[in-house]
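Some notes on the structure that comes next.
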Amino acid sequence: MTLLKSESQASMDSADLPEQADVLTWRQMKAGSEKAFECLYDKFFPLLFGYGLRFCAEREAVKDCLQDFFIDLYVRRASLQEVEYVKRYLYTAFRHRIIRKVSGKQPMLELLTSHYHFEVTFSHEQAMIQDQLDGLKQRKLLRAFKNLSSRQKEAVFLRFYENMSYEEIADIMKMKKVKYARTLVYRAISVFRECIKDLDGSLTLYALFL
């Protein structure tokens with residue numbers, strides 16, 4: 001009998017620990033614990049707020065939408081389903097709400113799968129990278145982002161900014177198969193690489209999505 005886990009197994013178990021803690025907190029919230037609700041609120045409000053800003057640049061509108069989302073979560077806590085992945089559930093549910101808020105009365109299925117706006121902006125570190133590039137290279141860099149569709153931008157955001165798996169991306173973005181999420185990200189990377197292929201060799205694609 002093997003007593004010691006491999007390094008990869010240990011790494012996977014370690015990665016699961018936060019999710020297991022979130023599931024326990026979720027169950028405590030469902031049972032009526034206000035402290036558990038506050039823990040989920042404190043952890044996920046900033047993350048979901050940043051995600052919401054990609055769909056809508058109006059900070060107050062996103063904040064109001066997110067506060068209403070958490071209020072509904074608290075009011076309906078006893079009737080909420082058991083979830084295996086809390087982060088994935090919250091991103092999926094809030095994505096549904098923010099898209100509906102900013103997109104009006106279009107059919108919901110179309111909104112969730114194609115007809116919506118999503119924008120990725122440069123962080124402080126990425127702005128520093130831009131400052132090191134001349135005007136022509138900056139224009140190519142910005143054009144690379146503009147050449148991506150909203151769905152490509154969102155998939156790239158979830159993959160590189162949020163460090164989500166392709167399974168998580170497929171679930172959140174309402175894709176029928178995981179391979180569709182992988183293909184979407186790969187195509188986005190191909191578009192981006194084509195646009196920045198003649199930039200400095202030290203400027204890697206990953207660095208742009210830190």
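Is segment 15-113 best put as rounded, prolate or oblate by its Cα gyration tensor, with a ≥ b ≥ c the root eigenvalues, rounded for a/c under 1.5, and otherwise prolate when a/b is larger than b/c, oblate when not?
prolate
Let me know the shape class of segment 55-99, please: from the alpha-carbon gyration tensor, a ≥ b ≥ c as square roots of the eigenvalues, rounded when a/c is under 1.5, otherwise prolate if a/b is greater than b/c, or oblate.
oblate
Could you work out how far apart the two model spin labels at N147 and V191 are, taking each label as a point 7 Å from the Cα in the direction of the beta carbon, and quote it in nm?
Label-label distance for N147 and V191, simple model: 0.9 nm.
Please give, to one decimal in nm, the separation of the simple spin-label points placed at V75 and N163, each 7 Å out from Cα toward the Cβ.
3.6 nm
Any read-out appearing in this document is the output of simple, stated calculations on the displayed coordinates, not a laboratory observation. Bear in mind that the values here come from a model prediction, so they are computed numbers and not experimental data. Here the Cβ is made from the backbone with ideal geometry for all residues, glycine too, and neighbour counts use every protein chain on show.
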